[in-house]
Structure formats: structure tokens, C-alpha cells
Amino acid sequence: MVAEGWQYQPSPPTIQCFLEKALIRITKLDRKELCLVGAGRTDTGVHAQGQVAHFTTPFAYHCLDSFHSAINGLLPPDIRVREISAACPEFHARTSTKSKIYHYKIYNEAVMDPFHTNYAYHSAHKLNPHAMQEAANHFVGVHDFTSFANAVHNDRVRSPIKKISRFDVTKMDAIIQLEVEGTGFLYRQVRNMVALLIQVGREGLPPEIVPGIIAAKDRKELAKVALSAPPHGLYLMSVNYDKEILKPPVGSPPVSFGRTHQISRCKLLFY
């Protein structure tokens, strides 16, 4: 099963639609009453290990474990809710966000490991992680990232000024992992930054090219030297919030991390 990213789009199916259908079936509410909101949209092919969403319900739940099991029982096997918690009225999955962390994985060997095919970008050309780190350092700070944003066809206007607090390049055997944390990211910004770092890693471009492309504030400048990196190597790892706003209201049921089933006595013999 292949689902599109986080957005409401009945066909082709999206992760948001699958989750909404499960919630509608459990709560008997319609989607306008649920008001399901995700922390951010993800493109088709991008993985989300730490996506956060919230919805509203008029019901008071005394135990979230059964609710948790019901949701996962209705979702396809490659979509899972890992945690459910009550939230304070001020919490909003998108606007309460303090930062997001993304990973991009590059498999850097001559022959691609088939077990990584759908989960890492393959670069048969040997990359220089030290040059990539030097280039990545130029992204850290507050910048206008217009040069690294693709056009979005909607009415929502977003500020191109974003803060990146860290951008780490780590080599782990055959995998080169890029980890970036920032207050927010523009449409395809991470994939476009990665694409430039890959060109630097191939030693076709110097690390010092990054400040010039940032200063240009023109997507065409990046397009002259790099194309967008493919989506399947990208992961939304976590969405971070202030601890205070994550505290559930007084009297709320315990947070559910999934129900654990135990068998006290084995009645079947295995040979």
C-alpha cells in the first residue's frame, strides 16, 4: 500500500485520510467535528517517524489504551499511532511547534543494499562527509531560504525567514546521515539543501558556495547546480514543543503507548 503524505486528499489515499476514517468510525463524529490537524505536511515518499496530530472530541475517555488499539486495528499495517495523550486546550499540533528534526539517509556504496532501496538515497559516487559538514555549517543560523524553497500552489503565505539550530553530517558505515533541526522549513527546503550538500560531497562544488546561493534569494540559482534530492531518503524524526504545553489536563487518563498483551500460561505445545 502506498499512501500520499499528510494532507486531506481522498484519492490517491493519504495518511491523514486513513487516520480520519479510523477516528470517524470509532467516535461516530464527522471530519469537521474532529478537526484533525497535523504538525506539518509531508510529501509523497517521505517517511514520518515522529509526526504529531491533534483532534477534538466531546467525549471523556477514562482509558486511552482501548482507543489506541482500536485506531491501530483500523489502520493499514504501514501506518501506526505510537502514542495518544489528552492535551490542554491551548495545544495546537502545528502552531505550538518549537522545532522539527529531519534526517536524510544516503547509502554510499557502489552496490545498493536492497533492504535500503525504499529508505535511503543511493550515491555510488564516494562522498566526502567532511566537505558536506563544512557546507552544512553555512546553513546554521537565521536566513532567508527563498533559494531553497519550491513554489507552493495555495493561498498560504509563509515567511522565508527560518532558523536552523544545527545541521550534522554523520557517517555510519555505508550510511551518511544528515540531521537538521530548525524552527520550521519551507516546501522541499530540506531536500533542496541536501541536494546541494550531495554535490559538495562529490567535490564538484566547494562548501563556500552555500552562502552565495542563500544570499541570492532565488530558486533558479540553486537549480543551476543541483536538483532536489528524492523523497524516500527523508524522515520527519520529531516535532518538539515546550514541556509545559505538553502537560495533560488534571484528571486526564494516563498516556497510552500501546497495550501490551501477556500470556500467563501456555496452553499450546510447540514442536
Output the residues belonging to region 59-95 that are in contact with a helix residue (DSSP H, G or I) (Cβ under 9 Å, 6 or more places away or on another chain), touching a residue at least 12 places away in the same chain (Cβ under 8 Å) and more than 24 Å from D242 (Cβ to Cβ). F59, Y61, F67, A70, I71, N72, L74, L75, P76, I79
Across region 41-58, the tally of residues that are within 12 Å of M237 (Cα to Cα) and either in contact with a Ser or Thr (Cβ under 9 Å, 6 or more places away or on another chain) or outside the structural domain of I71 (by TED's automatic domain parsing) (or both) stands at 5
Within region 28-55, tally of residues that are loosely packed, with under 14 Cβ neighbours inside 10 Å and in contact with an Asp or Glu (Cβ under 8 Å, 6 or more places away or on another chain): 1
So L74, is it surrounded by 13 or more Cβ atoms within 10 Å (Cβ to Cβ), more than 29 Å from H116 (Cβ to Cβ) and at pLDDT 95 or above: yes
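Condition check: over 21 Å from R219 (Cβ atoms), in a loop (DSSP other than H, G, I, E, B) and under 21 Å from the mean Cα position of the chain (by Cα). Does R166 satisfy that? Break it down stepwise before answering.
Working: over 21 Å from R219 (Cβ atoms): yes; in a loop (DSSP other than H, G, I, E, B): no; under 21 Å from the mean Cα position of the chain (by Cα): yes.
Judged against the criteria, R166 is not a match.
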In region 165-183, which residues are buried (at least 17 other Cβ atoms within 10 Å of the Cβ) and touching a Gly at 6+ places or on another chain (Cβ under 8 Å)? I176
Restricting the first residue to region 147-168 and requiring it to be within 16 Å of N192 (Cβ to Cβ) and β-branched (V, I, T), which pairs with a second residue that is assigned to a loop (DSSP other than H, G, I, E, B) and at pLDDT 95 or above meet a Cβ separation below 6 Å and a spacing of at least six or different chains? I164/F139; I164/V140
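Among the candidates V180, V225, V157, V194, single out the residue that is at pLDDT 95 or above and part of a loop (DSSP other than H, G, I, E, B).
Values: V180 fails: part of a loop (DSSP other than H, G, I, E, B); V157 fails: at pLDDT 95 or above; V194 fails: part of a loop (DSSP other than H, G, I, E, B).
Exactly one of V180, V225, V157, V194 is at pLDDT 95 or above and part of a loop (DSSP other than H, G, I, E, B), namely V225.
Looking only at region 228-262, filter to residues that are among the small types (G, A, S) and not in a strand (DSSP E or B); which one of those is surrounded by the fewest Cβ atoms within 10 Å (Cβ to Cβ)? Walk me through how you get there before you give the answer.
Here is the first cut: in region 228-262, the ones among the small types (G, A, S) are 228-229, 233, 238, 251-252, 256, 258.
Narrowing further to those that are not in a strand (DSSP E or B): 228-229, 233, 251-252, 258.
Numbers: S228: 19, A229: 23, G233: 26, G251: 8, S252: 16, G258: 14.
Taking the candidates together, the pick is G251.
Looking at V194, V152, which one is surrounded by 21 or more Cβ atoms within 10 Å (Cβ to Cβ) and within 20 Å of V46 (Cβ to Cβ)? Full working, then the answer.
Values: V152 fails: surrounded by 21 or more Cβ atoms within 10 Å (Cβ to Cβ).
None of the other options fit; the residue is V194.
Residues checked against (1) at pLDDT 95 or above; (2) assigned to a loop (DSSP other than H, G, I, E, B); (3) within 16 Å of the chain's Cα centre (by Cα):
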{"residue": "K100", "(1), (2), (3)": "yes, no, yes"}
{"residue": "H103", "(1), (2), (3)": "yes, no, yes"}
{"residue": "I106", "(1), (2), (3)": "yes, no, no"}
{"residue": "V111", "(1), (2), (3)": "yes, yes, no"}
{"residue": "H130", "(1), (2), (3)": "yes, no, no"}
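The values are calculated or read from the model by the stated rules, or taken from the named source; none is laboratory data. Bear in mind the structure is a predicted one, so any value in this text is a computation, not a measurement. Counting neighbours? That spans all protein chains shown, and the Cβs are built from the backbone with ideal geometry, glycine included.
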